[in-house]
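Structure, as structure tokens:
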Amino acid sequence: MAAERDRQRVIIDRVEPEIDGGRFPIKRVVGERVKVDADVFTDGHDVLRCLLLWRREGDRQWSEVEMETLPNDLFSAEFTVPEMGRYLYSLTAWVDPFRTWRRDLEKRVAAGQDIAIDLLTGAGWIEAAGVRAQEAGRRAEGRVLSGLARDLARGLDPEARLRLAFDPELVDLMDRYAERSRATAYGRELAVVVDRERARFSSWYELFPRSTAGIGDGVGGNDGADGPRHGTFEDCAERLGYVAALGFDVVYLPPIHPIGHTHRKGKNNAPEAAPGEVGSPWAIGSEEGGHKAVHPELGTEEDFRRLVFKARDLGMEIALDIAFQCSPDHPYVREHPEWFKKRPDGTIQYAENPPKKYEDIYPFDFDTEDRQGLWEELKSIFDYWIGFGVRIFRVDNPHTKPFPFWEWLIAEIQRAHPDVIFLAEAFTRPKIMYRLAKLGFTQSYTYFAWRNTKEELTEYFEELTEPPLREFFRPNLWPNTPDILTEALQFGGRPAFVERLILAATLGASYGIYGPAFELLEHTPREPGSEEYLDSEKYQLRQWDLARADSLKDLIARVNRIRRENPALQANAGLVFHPVDNEQLLCYSKATEDGANVILTAINLDPHHTQAGWVDLDLAALGVKPEESFQVHDLLSGLRYLWRGPRNYVELDPWALPAHVFRLRRKVRSERDFDYFV
């Protein structure tokens, strides 16, 4: 005898979005839609119904959305995720005999055929639905359906019987009590992780708290010369007003923990530190504590708590760097030597990336026999700082730790705190970066810093913004970091900094800069061919003259204001590249889903020369009719231009301003019968 599943005639195939056969969830933020498409078909010509099912994880009841039938057996529907957390969705589909009967009845009536038998057939389907309604405890509706079945079968007026057959209310009742016993269930429950809005749209500013002491605020050094004073959390709190004025909403701090003394690195990564040198914050741990302590020269834990609250009062958040590694002086080395790998001579293996040696850092051994103890302790580090109000973490080198560890840790943290955001600092091979995003990292660093030409930028961002990548990988674009001073910034002068800022801020919904090095145009490498900064803050205190006349702070503030005021720039969807007949000019647009907000960016990628060319706009992507004139309002300069048609001229001088960031404004007619642009 055939199995029951062999009587399920409907095939559900090619469900999108679906990541690796449902192994990993897609990502959304609160209030966003999940649009689901699938190929759904059967043998023959029967009418199908397909429902999109969705529910919050933990709920028993599914919500159902009727999927729209599109050409070529494509079905589509959507639902909106209302809260943070985890949701599930799936599909079910079946052959609908009543709708098939109704469709065929229309054809027979149109052809003038005898339909007496067909009406009896339809009455049978309606009577069966009435029985199902009764069995579901809906006796009133069951009686209504039974009565309609009698009227359709034995009604005296043929016209009345036909009106009944095509009555929309009857269709609604039949849909409610459809025969679904042989429905095909998709067989997978696909997941959606729903984050808060900052997971999608954020502007980050990285600074070292120890370098926040003001200019002239120095102390006598060991050699008797004045040098910068070690900054504190109180100094950092004073700096927050400056960062808020720049328009950033996330202030990212490198590790704030005690720094080890053994093999401490000196200025410019010298193998040995001179007396009084401060070392690298990533060499975590000393006799003063480890990952759950603050460097005493920064202040106290209460000082840090006040810093978190002050940032919140200014509309910003503090993001902490979590680096799972230890200095040789970390308490873990003494208390849990089993968590570290031993060399043949019995000493602990320090970090290496041959030929580089990092004797000031011990990596954890994730193959330790005490795997559970290590995992639980590392999770407790996040829990500890969450207790101070921190909800954003930048994770250092996650690609050097096991994938199962991150999947477990992020799920455990977000189960209790769904508002926590994790940024993966993993400049490694693409498949590893994408796997980390699938495992739960909210945002990810990218290769943006090294994508410079039109071809490189276009190809890379088309990849990032197309499915399936866009469903789970949220890029966070950084033109510089304390580890990355690209060749473009070293040799491109001020125009290169402006260009990279505008590219990052308009191509990505989330971006960041390492400041004040960025706005003060820091561009000198440690040595030729290096991407390390000379006199890097990673190894020494710095003082920054934030009032310098050549600072980019005003431009940065303007760019961030443009981002806040234009929803098109607050998502990665809607990115379209437009052809330009000059390889040094890049043009692209972003639009909101309803087309109400459209931003068109044109940028000169050559930091040394003026470039000009003709842009061929995709008017449909901009929501502009071919015959329609429209205004482009440059939000950077304030200038406005009237354009018409797809082909328009652009000329950009990098030393004046290497980019236009246009808002499209369309012509409307006022009540007083004159035109204006909105």
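Scan the range 254-282 for residues that are within 19 Å of Trp385 (Cβ to Cβ) and within 31 Å of the chain's Cα centre (by Cα) and jot them down.
Pro254, Pro255, Ile256, His257, Pro281, Trp282
Identify, please: which residue in the range 590-613 is among the hydrophobic types (A, V, I, L, M, F, W, C) and assigned to a loop (DSSP other than H, G, I, E, B) and is, among those, surrounded by the fewest Cβ atoms within 10 Å (Cβ to Cβ)?
Residue satisfying both the conditions and the ranking: Ala596.
Examine the range 509-516 for a residue that is of a type in the set (Gly, Ala, Ser), within 29 Å of Asp20 (Cα to Cα) and crowded, with 22+ Cβ neighbours inside 10 Å, and state whether such a residue exists.
Filtering the range 509-516 for residues of a type in the set (Gly, Ala, Ser) gives 509-510, 512, 515.
Restricting the remaining residues to those that are within 29 Å of Asp20 (Cα to Cα) gives 509-510.
Checking which are crowded, with 22+ Cβ neighbours inside 10 Å leaves us with 509-510.
Within the range 509-516, one or more residues are of a type in the set (Gly, Ala, Ser), within 29 Å of Asp20 (Cα to Cα) and crowded, with 22+ Cβ neighbours inside 10 Å.
Given the criteria open to solvent by 60 Å² or more (accessible area, probe 1.4 Å), more than 17 Å from Arg182 (Cα to Cα), at pLDDT 90 or above and assigned to a helix (DSSP H, G or I), does Leu120 qualify?
yes
Of everything in the range 130-164 that's of a type outside the set (A, V, I, L, M, F, W, C) and in contact (Cβ under 8 Å) with a residue 40 or more places away in the chain, which residue is surrounded by the most Cβ atoms within 10 Å (Cβ to Cβ)? Let's see the steps before the verdict.
Here is the first cut: in the range 130-164, the residues of a type outside the set (A, V, I, L, M, F, W, C) are 130, 132, 134-135, 137-139, 141-143, 146-147, 150-151, 154-155, 157-159, 161, 163.
Checking which are in contact (Cβ under 8 Å) with a residue 40 or more places away in the chain leaves us with 130, 132, 161.
Details: Gly130: 25, Arg132: 18, Arg161: 19.
Step by step, filter the range 130-164, then rank; the result is Gly130.
Applying the selection to the range 466-497, what residues are open to solvent by less than 10 Å² (accessible area, probe 1.4 Å), part of a helix (DSSP H, G or I) and touching a residue at least 60 places away in the same chain (Cβ under 8 Å)?
Pro495, Ala496
Could you say which residue among Tyr252, Tyr350 is at pLDDT below 95, of a type in the set (Phe, Trp, Tyr) and either over 26 Å from Ser202 (Cα atoms) or open to solvent by less than 50 Å² (accessible area, probe 1.4 Å) (or both)?
Values: Tyr252 fails: at pLDDT below 95.
Answer to the selection: Tyr350.
Within the range 78-98, is there a residue that is surrounded by 14 or more Cβ atoms within 10 Å (Cβ to Cβ), part of a helix (DSSP H, G or I), in contact with a helix residue (DSSP H, G or I) (Cβ under 9 Å, 6 or more places away or on another chain) and in contact (Cβ under 8 Å) with a residue 60 or more places away in the chain?
Yes, some residue in the range 78-98 is surrounded by 14 or more Cβ atoms within 10 Å (Cβ to Cβ), part of a helix (DSSP H, G or I), in contact with a helix residue (DSSP H, G or I) (Cβ under 9 Å, 6 or more places away or on another chain) and in contact (Cβ under 8 Å) with a residue 60 or more places away in the chain.
Counting only residues that are among the acidic types (Asp, Glu) and touching a residue at least 24 places away in the same chain (Cβ under 8 Å), which one in the range 165-186 is least open to solvent (accessible area, probe 1.4 Å)?
Within the range 165-186, the match that is least open to solvent (accessible area, probe 1.4 Å) is Asp175.
Condition first: over 16 Å from Thr212 (Cβ atoms) and surrounded by 19 or more Cβ atoms within 10 Å (Cβ to Cβ). Can you find one or more residues in the range 290-299 that meet it?
Scanning the range 290-299, I find at least one residue that is over 16 Å from Thr212 (Cβ atoms) and surrounded by 19 or more Cβ atoms within 10 Å (Cβ to Cβ), so the answer is yes.
For residues in the range 556-579 being closer than 20 Å to Leu619 by Cα and crowded, with 20+ Cβ neighbours inside 10 Å, which is nearest to the chain's Cα centre (by Cα)?
Taking the range 556-579 first, the residues closer than 20 Å to Leu619 by Cα are 566-569, 572-579.
With the extra rule that they be crowded, with 20+ Cβ neighbours inside 10 Å, the set shrinks to 568-569, 572, 575, 578.
Details: Ala568: 14, Leu569: 13, Asn572: 8, Leu575: 14, His578: 24 Å.
In this case the residue turns out to be Asn572.
Could you say which residue among Phe309, Phe233 is of a type outside the set (Val, Ile, Thr) and loosely packed, with under 15 Cβ neighbours inside 10 Å?
Phe309
Sort through Val661, Val668 and tell me the only one that's open to solvent by less than 60 Å² (accessible area, probe 1.4 Å), within 24 Å of Pro567 (Cβ to Cβ) and modelled with pLDDT under 95.
Selected residue: Val668, the only one of Val661, Val668 that is open to solvent by less than 60 Å² (accessible area, probe 1.4 Å), within 24 Å of Pro567 (Cβ to Cβ) and modelled with pLDDT under 95.
From the residues in the range 614-627 that are farther than 17 Å from Asp594 by Cβ and open to solvent by 90 Å² or more (accessible area, probe 1.4 Å), which one is farthest from the chain's Cα centre (by Cα)?
Applying the filter and picking the extreme gives Glu627.
Could you go through the range 617-625 and let me know if any residue there is touching a residue at least 24 places away in the same chain (Cβ under 8 Å) and part of a strand (DSSP E or B).
Checking the range 617-625: not a single residue is touching a residue at least 24 places away in the same chain (Cβ under 8 Å) and part of a strand (DSSP E or B).
Test of understanding: among Asp345, Asp321, Asp303, Asp365, which residue is surrounded by 15 or more Cβ atoms within 10 Å (Cβ to Cβ) and either in a loop (DSSP other than H, G, I, E, B) or at pLDDT below 95 (or both)?
Asp365
The values are calculated or read from the model by the stated rules, or taken from the named source; none is laboratory data. All figures in this text were calculated on a predicted structure; none of them were measured in a lab. Cβ sites come from the backbone with ideal geometry, for glycine too, and all protein chains shown count toward neighbours. Quick note on the areas: whole protein, heavy atoms, side chains included, nothing else; ligands and nucleic acids left out. Shrake-Rupley method; radii C 1.70, N 1.55, O 1.52, S 1.80 Å.
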